[in-house]
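Any read-out appearing in this document is the output of simple, stated calculations on the displayed coordinates, not a laboratory observation. None of these values were measured; they are calculated from a predicted model. Using ideal geometry, Cβ is built from the backbone for each residue, glycine included, and neighbour counts are taken over all protein chains shown.
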Amino acid sequence: MPVKKRGMKKSVSFSDDETLTRVRQSNDKKHNASPDGPPVYVKKTVHTVPLHLVGLLYYFIKLSDSYDCVTLLYLLVPLQIAYLALQFNRNTVYGHKVLKLRLSLVPISLGAALILTIPCMLIIILLGAPIAMLLQKTWLLAAHCCFLGLPAVYSVFNCNFKVGIFKKYFVAIAVGCWISCVVIPLDWDRDWQEWPTPLVVGAYLGAFVGYTVGPYI
Amino acid sequence: MIKRLFPLLLLQLVAILIFSAGFFPQKSVLTGDAEFRYHPEEHLVVNPKFEKLVVVVIDALRSDYLFHGPMSHFNFAHELLNKGHAWGYTAYSNPPTVTLPRLKGITTGSTPNFLDAILNVAGDDSSSTLKDQDSWLRQFHINQKTIKFFGDDTWLKLFPEEFFSEIDGTNSFFVSDFEEVDLNVTRHLPAQLASQQSWDVMILHYLGLDHIGHKGGAYSKFMPPKHREMDSVIKQIYDSVEDNTLVCVMGDHGMNDMGNHGGSSAGETSAGMMLMSKMLGNYEKPVSQQLEKLPIETKNEDYKYLTKINQIDIVPTIAALFNFPIPKNSIGVIIPDALRLFSPQEAHLKLMDNYYQLASISGDEPMEALTDNVMVEKMTSIQSELAKTATNYNYTLLGIGFLLLLVTSLAVSIVCYRSTNLCFALLPLFMVSSLLSLSTFGSSFVEEEHQLWWWISIALLGASYVKALQDINSHLTVLICLRFIRGWNNSGQKYVYEHTMLELLKEHFHWQWALNAITIFATQIHGRRGSTFSNVAGILISGICIFYKAAWSIVNGEQIPFWLQITCLKIAKVFPSTGDSLGDLKGMLVPMARLFFWCATGLAVFDVLLHRFSRNDKRFLDRIHATATTILIFQSSSANIPLFLVFQILSSQLESLWHRYHGSNVFLLMTVGLALQHLTFFQFGSTNSIATVNLTNAYNGVSENYNIYVVGLLMCVGNFAPSIYWSLSCLKMIYSKQHDSKWGTFNKSRLPSLLFYCVFGCFLFGSCVVQRYHLFIWSVFSPKLCYYVSWNLFMNTLIAWLIEGVLVLLL
């Protein structure tokens, strides 16, 4: 069941299409002032490298028993908030200045990420996950993907729904999932081949690459 | 450009055929009858241990059906096993695990030839006969024993009729029949058991269990009653035969949990086997059977219960017990437990004979003075060595074929490069070709090829979406259509989903037939909009199609809605009837199918004429496509028909996306078409294994004395139906707009698939040669090579080049 996960594309429905297309048109000159507000971008710096994702992956693969996705999710959420507060938000520039973390927006984006798990799960199923079997595990995968996208979700809220700028982070997670599907058909019968373990790993790797090289793209 | 491209196609075909000729050689078989090898004179004074033999082959009897507690309902057999009157084994059946090669193995003791697996499908054919090959049947025949046979007529294909004194063959053609095939065998039992002096060997071959597997999988609810039925047959035989009769119950192969077989998974290769005789009670039980109480409660994941032996070991065992020479091509090793029936000297004699016979095949010099245990080990190692090197490859032909294809690939690549100037559209094709090419080196990627095509399809869709972000709706529709296609059938070997669309529709057959009707009529009405007369003709042919499909389902006992059933029976009454409405309907099937094919041909000819004599006719390809689709629907199984509705929605969406966002690039469309051809081929239920070749529609309109080429063509159309649909759809899309030169466009559109098949072929050939001694070469790589050849010959050459070429010519 190779599943290419292109999760948060649904989040586009939060914004109006017009903004999106305008953002896309001004994509390559996004450092210049655009007509509908101050330019938003992430600084090109090593400070956005999400090292905690490497740690979590290490925990997931080496330490947890039988690839425990639930505990991993409990660990992921606070670490993502910390990453957002300490690294990602500090390097995101909204119209020439770095804004402080808006504490009221954090629970809102957490809630949004939680709600997004449902459309995300539907998309994962459309992309090939089994429907009736393993539904709970598919939801877990969706939850991991959504919370991996949490910093981007927060920033989307904070910059007035300019989804186009933060699109690449979602795409990176999706591509990570997509590539990791390759191991599913292999007949090695290892327990890490079981749904959704390889896709969770893929999502983390995708997110790691995305948050690291995202500003340069 | 056609002058350059067509020779390349021919060159590619020649390369493929040369390679195949080198890869699938006929195995060299020793002819003549066996003799005792070791001290022949001493064998003559040995008394046969048994006088009579009853062989009961239960098709697809997996080992757990006999021995494993929750699965098995062979209660009488368990009782015998516990008493020691029966010895149970798990018999490894060498792949390909289909009936014909397995029967060859069971009777001659040789490992099968891959061609046998194909011949099993091809049906009537004399090249697989064992007339001149030594087997235990032949040995019995030479020794003037009377053999009677009842059951699967594959045996009658294999052995000449003079071997048997009485036969009654049953045909395995209608898989949906669970009861009658077996009752036709069992009904002979009372008479035969009452007159046991009239035979020495009786062979029974039951097909019902295999049919249940194919229809409902390994855990079907029909299994337990079938087990009990088979158990009562065993009891009936055992209770009435004498002490000196050996009863051998065995499966010719096992099955996987989907109920299919042909491959090399543990379930498919583990057949059950049981030797029964009252005499066995006088001897010690096999060691592993002493420790276990039957039925065994703990499940074994590898289906290994009791002692594991090789299925072909039955051949020297029977030879020894009945005291005749071991058949010449046998590579079986006598079952050590059977030696208990002999005195130590005799046992040594039989073992030595077996050893000498094996050594003569392998060409080794037999060593003298070995202890019996060492000898058994030595024989087992010779056996596995011989099983591995069953065939000799013709390396000269392999080399020539490979080099020729390599040269062709280079030439095609150059043509490709020149005609597109390495534009961006070549990238997807390059990605698809290289991904698939690399996958040929992994056996699981070959088995699960449908996953790769799905993976590629959604990547192509994703790429298209990134290019046209504003159009969510079209892309979402395409994705939903694709997901329906993926969810329709199970494919591959690894995953089995319970709630496929196919299963759901079979349960809710009202929906299925409503959708079928919509699909069949919508195809014609959509394709022929505009002209009234042509519309009426279209509806007429749709009517014949749906009537035939419904009648076929009634005759084969599938459920169909009441209204449809009544309509069918009413129509059938119009014709002269014999009173038996079901029989009438059955008799009408063949003429009905022929009428359909004639009408379809007539309609196509009419369309061509209409196009010739009318100016500015832009809908020619639409009409031809509609007729072709109806033929394809006719050749598909009824639960797959609604997929063509999904295809229609999908193709109209793709066409609009292609025009709007992708600049109507021919290369890109053909790459997408290639992916869809393969994806839909697999999601129709096909795999890369010979076992899933679907024959149910190969006999539409074919009467008793059939022509093998007609059946072959119908079989190909039936199995490649979705691929043909997409091939024609792409042609239709390309010519839906005016082009500067129609032949230029045609050539350009043939390039991507030619390039794909060339590159893929190079890697596949390489993989087959590199892995020629791989465990899975006969079960995975060779079938893939066969499929590759048929994709090239049928889909690429016949459909994409010849038929579509003719259509473009008429345009």
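Observations, loosely collected:
- FRET efficiency, 1/(1 + (r/R0)^6) with R0 22 Å, evaluated for A:V70 and A:V49 via beta carbons: 0.25
- Charge dipole (debye, nearest 20) of the range B:676-811; +1 at Cβ of Lys and Arg, -1 at Cβ of Asp and Glu: 320 debye
- Theoretical FRET efficiency, 1/(1+(r/R0)^6), r = Cβ-Cβ of B:K586 and B:T298, R0 56 Å, to 0.05: 0.70
- Across all Cα pairs in the range B:630-756, the calculated P(r) in 5 Å bins from zero up to the longest distance comes to 2, 10, 19, 19, 17, 14, 10, 6, 3, 1, 0 percent per bin.
- Among B:L17, B:M71, B:L204 the positive-end extreme of the charge dipole of chain B (Cβ point charges): B:L17
- With a simple spin-label model that places each label point 7 Å from the Cα along the Cα-to-Cβ direction, the separation between B:R418 and B:K742 comes to 2.5 nm.
- The listed peptides B:476-487, B:450-461, B:740-751, ordered by packing as a protection proxy, come out as B:450-461, B:476-487, B:740-751 (highest mean of other Cβ atoms within 10 Å first).
- Cα centroid separation - the range B:245-264 against the range B:724-776, whole Å: 39 Å
- Charge-dipole axis of the protein assembly as shown as Lys and Arg at +1 and Asp and Glu at -1 on Cβ define it, positive-most pick from B:T396, B:N260, A:V183: A:V183
- Here B:K235 is the anchor, and the aspartates and glutamates within straight C-alpha reach of less than 12 Å, apart from those fewer than 8 places off in the same chain, are B:E79.
- Farthest toward positive dipole pole in the protein assembly as shown [+1 Lys/Arg, -1 Asp/Glu at C-beta], among B:V412, B:W513, B:S736: B:S736
- Cα centroid of the range B:667-681 to Cα centroid of the range A:96-111, whole Å: 46 Å
- Rounded to the nearest 20 debye, dipole of the range B:423-737 from Cβ charges on Lys, Arg, Asp, Glu: 1000 debye
- Separation of the range B:459-487 and the range B:488-547, taken as the distance between their Cα centroids, equals 23 angstrom.
- When only the Cβ of Lys, Arg, Asp and Glu is charged (+1, +1, -1, -1), the dipole of chain B relative to its Cα centre reaches about 3920 debye.
- Share antiparallel - DSSP beta bridges, the protein assembly as shown, percent rounded to 5: 40 percent
- Above-threshold pairs, the threshold being 27 Å between Cα atoms, out of B:K104/B:K506; B:K148/B:K215; A:K97/A:K167; B:K104/B:K549: B:K104/B:K506; B:K148/B:K215; B:K104/B:K549
- Shown is the FRET efficiency for A:W139 and B:S198, computed with R0 = 45 Å from the Cβ-Cβ distance and rounded to the nearest 0.05: 0.10.
- In nm, spacing of pseudo-spin labels at B:A604 and B:S362 (7 Å Cα→C-beta vector): 5.6 nm
- Normalised by the number of residues in the range B:423-737, the mean separation of alpha-carbon contacts (under 8 Å, six or more apart) gives a relative contact order of 27 percent.
- With contacts taken as Cα pairs under 8 Å and at least 6 residues apart, chain B reaches a relative contact order of 17 percent.
- Rounded if a/c under 1.5, otherwise prolate or oblate - the protein assembly as shown, Cα gyration tensor axes: prolate
- A cut-off of 5 Å between modelled amide H atoms, ignoring neighbours fewer than 5 places along the same chain, links B:V56 with B:L204, B:C248, B:V249, B:M250.
- Remark on B:T146: its backbone amide H falls under 5 Å from those of B:D200, B:V201, a criterion applied only to residues 5 or more positions apart or on other chains, H modelled at 1.01 Å from N.
- Per-residue shielding of B:459-468, expressed as the average number of other chain Cβ atoms within 10 Å of the residue Cβ, stands at 2.
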